[in-house]
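Encoded as structure tokens, the structure appears first; notes follow it.
Only the coordinates and a few stated rules stand behind these numbers; no lab work does. Keep in mind that this is a model prediction, so the values were computed, not measured. Positions of Cβ are generated from backbone atoms using ideal geometry, with glycine treated the same way; all protein chains shown enter the neighbour counts.
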Amino acid sequence: MIRRTIRSHQAARWIALLTFLTCIATQAQTPEAQPASSFFARWADFYNQDWHPNPNTPATPPPVRRGVPSPIDAPPFPFADWPYGGSPVIGEPDTNSYPLMTAINGAKSRIKIYGWLDPTLNFSTSSHRNSPVGNDLYSNRFELNQAVLYIERLPDSVQRDHIDWGFHLTALYGTDYRYTTNKGYFSSQLLKHDRQYGFDPSLEYADIYFPHVAQGMNLRIGRYISIPGIEAQLSPNNYLFSHSLLYVIDPFTDTGVLATIKLNDRWLVQFGITASHDVAPWTSDAQPSGTACVSYTTQSANDNIYACANGINDGKYAFDNLQQYDATWYHKFSKTLHMASEAWYMYQLDVPAVGGPIAPQPGNSGAFCRPGQIRCTAPEYAFVNYLNKQLSPHDFITLRSDFLNDKKGQRTGYQTRYSENTLAWNHWIGTTIQIRPELRFDHAWDSPAYDNGTHRNQFTAASDLIVHF
């Protein structure tokens, strides 16, 4: 009864928020709306102009930037430049405007407050959990995956005259808190109580931009998204609603210091030191860990390769102490067709054996070691490919194929190979609403691993709705 009451209160809050946004949308339906004066009227007017743009408005000239032209369009894609983690795109101006900031001060300040709501719905052949699928972990549910608030200031990395600074703060609430939780950051919600909904201050960092180091260096200090890979945990930064198997079990956020140096338009390098993966520096699991990455973009910008050695230390078993070697490759076939591929290899040493005398840490599984072994090395490898076709300025479709070999079962709890194939459509309404329906099929090749280890196959039909504010 208590659990039902809590869920009812949670549902009531999100219904109230969605009702509020619906009221804003209703006010924004009149194309001939007069100039807005009150805060809420200005907020509604932003959506009105975003959803009903005046066809006679002159095209905005492209902003001044340093570097090769952006290879793809954003929107509809989640990024315009081939991405790298741990830094804003050096040489790219901050030209984004958001509904909330426009309502507050006409988007005139460099400090910006914005975010989104991300309610989701999924239907699954599993009756309990969809794991290891993320982010629709809970089967056959309507839920709020993310309610996110950002406060940030981006450094001006276009200019080469003076040192500049920035910062970023994130507050995340929803079911997706479990994918960003670090041990030591409010982690008892997940590690002790396994709550469906929770809060996580996912990102807190400062950026310092040094214009005279090569063609610009950004120094990031704090907690940030683990830098390798195609995907990120914050919903709008991804091609699809659900995540690949590859992403769901790799590191999520790191705390440390990272230098990103743009050598020229083709080469970029990164060096950093962290407290290891998914742990706060003040926990017993923290230890100095190195990060080194290199990014190469061809002169045409049709190809990019980004390779990282991430969180490298002695590799001994600790909370998510993954030794990760990761590489991505982006290739543009045409302005409307490109692919993104990623592969990684990870391992931990001295992982406790399942059923052995040493219990694994909460939130981590043991390894299926050889008979008689108390501890063993637990490796896993994976790769994923996205094929993305732009249909219009507001639409693209994606086919994702993914393979994971959890060789000792330490990351998923099952010693098996997995594959998944997902077909998805991403549709924008203006620049403020995204709808991302998808059909997905997962298969475990060596043993049942879905629906609490009772089935080899799982089919899901799911969608999220991202409302930016």
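General remarks:
- Neighbour-count order for Lys108, Lys407, fewest beta carbons within 10 angstrom listed first: Lys108, Lys407
- Label point 7 Å beyond Cα of Phe333 along Cβ direction - residues of the stretch 395-437 with amide nitrogen under 18 Å: 395-402, 422-426
- Exposure proxy shown here: for Phe441, Phe210, the number of other Cβ atoms within 10 Å sets the order, fewest to most, as Phe441, Phe210.
- Working note: 222 nm ellipticity from helices only, DSSP H runs with n ≥ 4, each -39,500 (n - 2.57), summed and divided by the residues of the chain, gives -3500 deg cm²/dmol to the nearest 500.
- Residues listed by number, the stretch 114-135, amide nitrogen under 19 Å from Asp446 label point at 7 Å toward C-beta: 132-133
- The label-point distance for Ser188 and Tyr325, in a model that sets each label 7 Å from Cα toward Cβ, rounds to 4.1 nm.
- Multiplying the residue separation of Ser392 and Asn56 by 0.36 nm and subtracting their alpha-carbon distance yields 119.0 nm.
- Order of Ile113, Ile227 under a 10 Å beta carbon neighbour criterion, fewest first: Ile113, Ile227
- Residue-wise HN-Hα couplings along the stretch 291-297, as the Karplus relation 6.51 cos²θ - 1.76 cosθ + 1.60 with θ = phi - 60° gives them from phi, are 10, 9, 9, 9, 10, 10, 10 Hz; Gly and Pro carry x.
- Using θ = phi - 60° and Karplus 6.51 cos²θ - 1.76 cosθ + 1.60, couplings along the stretch 385-398 (whole Hz; Gly, Pro as x): 9, 10, 10, 10, 10, 7, 9, 7, x, 10, 9, 8, 10, 9
- Legend: distances between Cα atoms for Lys112/Lys192; Lys262/Lys408; Lys262/Lys332; Lys332/Lys408; Lys262/Lys335; Lys262/Lys316; pairs beyond 29 Å are Lys112/Lys192; Lys262/Lys408; Lys332/Lys408; Lys262/Lys316.
- For the chain: relative contact order, % (alpha-carbon pairs under 8 angstrom, 6 or more apart): 13 percent
- Over all other residues within a Cβ to Cβ distance under 11 Å of Ser188, the charged ones net out to +2, with Lys and Arg as +1 and Asp and Glu as -1.
- Label point at Leu263 placed 7 Å out along Cα→Cβ; residues across the stretch 285-324 whose backbone nitrogen lies under 16 Å: 292-299, 304-309
- Backbone geometry of the stretch 431-445 corresponds, through the Karplus equation with coefficients 6.51, -1.76 and 1.60 at θ = phi - 60°, to 3J(HN,Hα) couplings of 10, 10, 10, 10, 10, 9, x, 7, 10, 9, 10, 10, 9, 9, 7 Hz, x marking Gly and Pro.
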